[in-house]
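Down below is the structure, laid out as structure tokens.
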Amino acid sequence: MSKLVRNIILAAIFLISLSSVNQWTVLPIQNTFVWWVIYIAILILALKGKIFYYDKKNDPNFYLIKIYLTWNVIAILRGFFVAEDYWEWKHLIGTSLVLLLPIITYVSSNTFLVQRIVNKWFTYVLPMFTFIWIFIAHGAYGRYLIPISFVLLFYPLLNKQWKLISLSIAIFVIAIDLGARSNVIKFLVPFAIGLTYYFRSLLVYKLLVYTRIALLIAPFILLILGITNIFNIFKMSDYIEGEYRVESSNKEWAGDGDLTVDTRTFIYVEVIASALKYDYVLFGRTPARGNESPSFGPAIDKELNRNKNERFGNEVGIANIFTWTGIVGVILNFLIFIKASYLGLKKSKNWVAKIIAIYISFRWSYSWVEDFSRFDLSTLFLWICIAICLSKSFRAMTDNEFKNWARGIFDQRYRESILKKRPVITKK
């Protein structure tokens, strides 16, 4: 890999890291147009990188990515005929870039390139956090440090030094703001799943199979139970006695530190009611529009000087996909998660791919709870995980080969060994 390519990777990963926190920082980096140019450049580089780093042998596993991207492009083109004012055109452009981010999966199917991306982040971008953390809200630390949660998926494979570093940072992110519930979940869950590597000889394989199935279908079951008023998982205060509060640095948080507060039911009510009212259930309202929102619409209209009672995006990722691309988009998105998790769990030679398959299944379920639809590290590494499971090269690795790959993120000797295609004697 040339020095120019390495520098481009470094620049891209650093910029996406900054983009992940630009909404929660006092740094002067909120210029929308500049970020659009950066995102477009990254997507173009990903497309060009496909020529050099994508193995066409993966095509049979990537057809769903092509179909999903095609449907998103159709939704974007429809948006050109729907957008009516400045704000809708602005939202169309910004959201379109997010919907095109799955392009990154093609280059992320390359083992060497993914290793270099993560290596660049740890070598250069992680140290930069020591200089900018004071300018970022505590609850947003986890958004910048998402690659830590990625390596926690194969925590048992790291050497002692990086086990200590990654775990310490994860504890720091969780402890700094327990009220940032998403951070707690996105760092604890990968670590917990990653620890199953230690018990791979004891775990019953069917347990992972059932866990995957449960995570994939649980949202549909819970949605039906919620709509029929049988059980609403978001109204935990109805089922749990006592108060569960924490101190949160986010003074605008609706729950005021209450861990059982329901901040999601009204979003589902508004999103579904809006889709039925304006008849866009099947194909979506395009990325140019949002859902009608009695809760936020009036305040947004006042701020933007418009009169549409609309919210362009929600905290619940799947609700946004539904609003912008309809049930068709949701189904295509779901099929990608099914395909990737199936290949990772059942068609891989290493345990890490199986771990990532379960993590992907979890992220599908979690998208029904949160997962902002943003061009950020969280979304980027989700698509990298999906690419790993779709990639024949990653799934063909043995446990020892994946161990060498993981340690190669931090140690040049392991990278050289992989390039020379000869084994490395690993130390415990």
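The values are calculated or read from the model by the stated rules, or taken from the named source; none is laboratory data. Because the structure is predicted, anything quoted here is derived from the model rather than measured. Every residue, glycine as well, gets a Cβ built from its backbone with ideal geometry; the counts of neighbours run over all protein chains shown. Please note that ligands, DNA and RNA were not included when accessible areas were found on the heavy atoms of the full protein model with its side chains. Shrake-Rupley method; radii C 1.70, N 1.55, O 1.52, S 1.80 Å.
Structure summary
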quantity: Additional length obtainable on full extension of the chain from Gln412 to Arg6, 0.36 nm per residue less Cα span; calculated: 144.7 nm
quantity: Mean Cβ neighbour count within 10 Å, used as a protection proxy, ranking 329-336, 365-372 highest first; calculated: 365-372, 329-336
quantity: Longest to shortest principal axis, alpha-carbon extents of segment 283-350, angstrom; calculated: 57, 23, 15
quantity: Carbon and sulfur %, accessible surface of segment 38-85 computed with the full protein complex present, 1.4 Å; calculated: 72 percent
quantity: Difference of contour (0.36 nm per residue) and Cα-Cα distance, Phe135 to Lys160; calculated: 5.9 nm
quantity: Principal-axis tilt of helix 86-99 within the chain, Cα atoms, nearest 10 degrees; calculated: 30 degrees
quantity: Alpha carbon convex hull of segment 36-184, volume per residue in cubic angstrom; calculated: 164 Å³
quantity: Of Phe122, Ala275, Thr25, farthest towards positive along the dipole that unit charges on Lys, Arg, Asp, Glu beta carbons give the chain; calculated: Phe122
quantity: Per residue, in Å², the accessible surface of the chain once ligands and nucleic acids are set aside, probe 1.4 Å; calculated: 47 Å²
quantity: Segment 8-110 - Debye-derived log10 I(q)/I(0), Cα point model, q = 0.14, 0.15, 0.21, 0.24 Å⁻¹; calculated: -0.66, -0.74, -1.18, -1.30
quantity: Helical mean residue ellipticity (222 nm; -39500 (n - 2.57) per DSSP H run of 4+; nearest 500) of the chain; calculated: -20000 deg cm²/dmol
quantity: Across Lys163/Lys403; Lys160/Lys354; Lys3/Lys56; Lys163/Lys339; Lys160/Lys403; Lys206/Lys339, pairs whose alpha-carbon gap is larger than 21 Å; calculated: Lys160/Lys354; Lys3/Lys56; Lys163/Lys339
quantity: Radius 14 Å from Cβ of Arg285, net charge of other residues (Lys, Arg +1; Asp, Glu -1); calculated: -1
